[in-house]
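Accompanying notes for the structure given below.
Since every read-out is calculated from the coordinates, none of them should be taken as a lab result. Quantities reported herein were computed from a predicted structural model and do not represent experimental measurements. With ideal geometry, Cβ positions are generated from the backbone for all residues, glycine too; neighbour counts draw on all protein chains shown.
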Amino acid sequence: MRFLVRLFLSVLSLQLYLYGQSLEPRLYSNIPKDFNFLVTGYIYSSGALPENSSLKDPNIEIHSAFLAYARGLDIAGKSAKIDVGIPTACVKGDAIYNNNRVSRDICGLGDIKARFAYNFFGAPSTSVKNFASYKQDTIVGISTQVTIPTGQYSKDKLVNIGTNRWAFKVGTGVSKKISNFIFEFALDAEFYTKNKDFFIGTGVVEKTQDFIYSAQIHIIYTFPKGIWLALDTNYYGGGENFLNGEGSDDALDNSRTGLTFAVPLNKSYSLKIYGSSGVFTRAGTNFDTLGLALQYRFADGF
């Protein structure tokens, strides 16, 4: 039972929003090597579409489903993991552009995300058998994520599911356990390639974007039997868009807050419910999100 509880406390952090500024508790938690996760879920979002801050008074709904896989690794005796997520989405809604009301209704594949996280301090690699003896104190880790432009994209439309560009995110984080609480702090920066086919209503232009920097804080309370609840908040800025080299004065200065609740269903399955909303928004990302994820975990040979 003790072993199972510790596994439940290692519920995979995998918030596969279509957006880059998601809230992700437990990203740098320890998991056994050669342990596998399959995750499927549904996400509902309403409000703005962050990828196009030129849309005014947006009323857009996104229904997204995703499938993801993650695996624990041993890198030089330290805990690491990889994960890959494949989202799909349906986007429906309207907004004002150039004083005209425009609308869109589209379904398709989203941009695939792949990530590698490595805990270089406080999280030794362990087997599934020996993981029960591990007790967290302080963990320090790093991560890198790539977003692949596989999503639906039409260069003659204002609103799309995909972004038609690559993105690369690097980050670092600290996780500290004190009694039944886990306190986490993470920093990230995401960089973007050019979108040479960005439509602005009058034609196609080349869009570039400054990198977006962000900070996250999570306060997690662990209950008996592997249940946990997290209060999540972040701040992110930067990311001004340039159209054919001309700035758009739409740099972000935004914050979001949310809750994440995870509960084990049995020794193999767990359920995660999470939601977030904007606290303050300067540009582009005033939206509300609610998600549900079902996770199945298994070890090699099980």
At Ala299 and Ser46, where each label point lies 7 Å from the Cα along Cα→Cβ, what is the point-to-point distance in nanometres?
4.5 nm
Gaussian network model of the chain, Cα springs within a sub-10 Å range: biggest mean-square fluctuation belongs to which of Ile161, Ile178, Ile75?
Ile178
Once amide H atoms are placed 1.01 Å from N in the peptide plane, what residues at a sequence separation of 5 or more from Lys196, or on another chain, have their amide H within under 5 Å of its amide H?
Lys207
HN-Hα couplings for the range 175-190 via Karplus (6.51, -1.76, 1.60; θ = phi - 60°), in whole Hz with x for Gly/Pro, come out as 10, 10, 9, 10, 6, 8, 9, 10, 10, 10, 9, 9, 10, 9, 9, 10
With r defined as the distance between the Cβ atoms of Leu265 and Leu229 and R0 fixed at 22 Å, what FRET efficiency is calculated, to the nearest 0.05?
0.85
Of Ser29, Ser133, Ser79, the most mobile residue in a GNM of the chain (C-alpha springs, cutoff 10 Å) is Ser133
Could you tell me the relative contact order of the range 143-249? Use alpha-carbon pairs under 8 Å, at least six residues apart, and round to a whole percent.
21 percent
Of Asn241, Asn160, Asn130, which is the most mobile in a GNM of the chain whose springs link Cα atoms less than 10 angstrom apart?
Asn130
Amide H of Thr126 versus every other amide H placed in the peptide plane: which residues, excluding those fewer than 5 positions away on the same chain, fall under 5 Å?
Lys33
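May I ask you to sort Val263, Val159 by Cβ crowding, counting other Cβ atoms within 10 Å and putting the fewest first?
Val263, Val159
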Per-residue HN-Hα couplings for the range 196-203, Karplus 6.51 cos²θ - 1.76 cosθ + 1.60 at θ = phi - 60°, whole Hz, x for Gly and Pro?
7, 10, 9, 9, 10, x, 10, x
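Run the numbers for Phe116 and Ile142: contour at 0.36 nm per residue of separation, minus the present Cα-Cα distance, in nm. Each step should come with its number before you reach the end.
Numbers: separation 26, 0.36 × 26 = 9.36 nm, distance 0.85 nm.
Net length gain for the segment: 8.5 nm.
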By the C-alpha gyration tensor axes a ≥ b ≥ c (rounded if a/c is under 1.5, else prolate when a/b exceeds b/c, else oblate), the shape of the chain is prolate
Can you give the FRET efficiency for Asn99 and Ile200, using 1/(1 + (r/R0)^6), R0 = 22 Å, r = Cβ-Cβ distance, to the nearest 0.05?
0.95
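Do the sum for the chain: with -39,500 (n - 2.57) for every DSSP H run of n ≥ 4, divided by all residues, what is the mean residue ellipticity at 222 nm, to the nearest 500 deg cm²/dmol? Intermediate values should be presented prior to the final figure.
Numbers: 1 runs with 7 residues, N = 302.
Helix-only estimate at 222 nm: -500 deg cm²/dmol.
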Between Phe181 and Cys107, how many nm apart are label points set 7 Å from Cα along the C-beta direction?
4.6 nm
For the chain, what's the relative contact order in percent, using C-alpha pairs closer than 8 Å and at least 6 residues apart?
18 percent
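Given Lys135/Lys267; Lys81/Lys207; Lys33/Lys272; Lys169/Lys194, which pairs have Cα atoms separated by over 26 Å? Write down the numbers at each step before the final one.
Details: Lys135/Lys267 20 Å; Lys81/Lys207 33 Å; Lys33/Lys272 22 Å; Lys169/Lys194 15 Å.
Lys81/Lys207, as the Cα separations exceed 26 Å there.
Full-extension gain between Ala132 and Phe191, please, as 0.36 nm times their residue separation minus the C-alpha to C-alpha distance.
Numbers: separation 59, 0.36 × 59 = 21.24 nm, distance 3.85 nm.
Separation in residues times 0.36 nm, less the Cα-Cα distance, equals 17.4 nm.
Order the peptides 213-223, 134-144, 252-262 from the highest to the lowest mean number of other Cβ atoms within 10 Å of their residues. Intermediate values should be presented prior to the final figure.
Working: 213-223: 18.0, 134-144: 15.6, 252-262: 20.0.
Ranked by mean Cβ neighbours within 10 Å, highest first: 252-262, 213-223, 134-144.
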Could you give the nm distance between label points at Leu243 and Asp156, where each point is 7 Å from its Cα heading toward the beta carbon?
1.9 nm
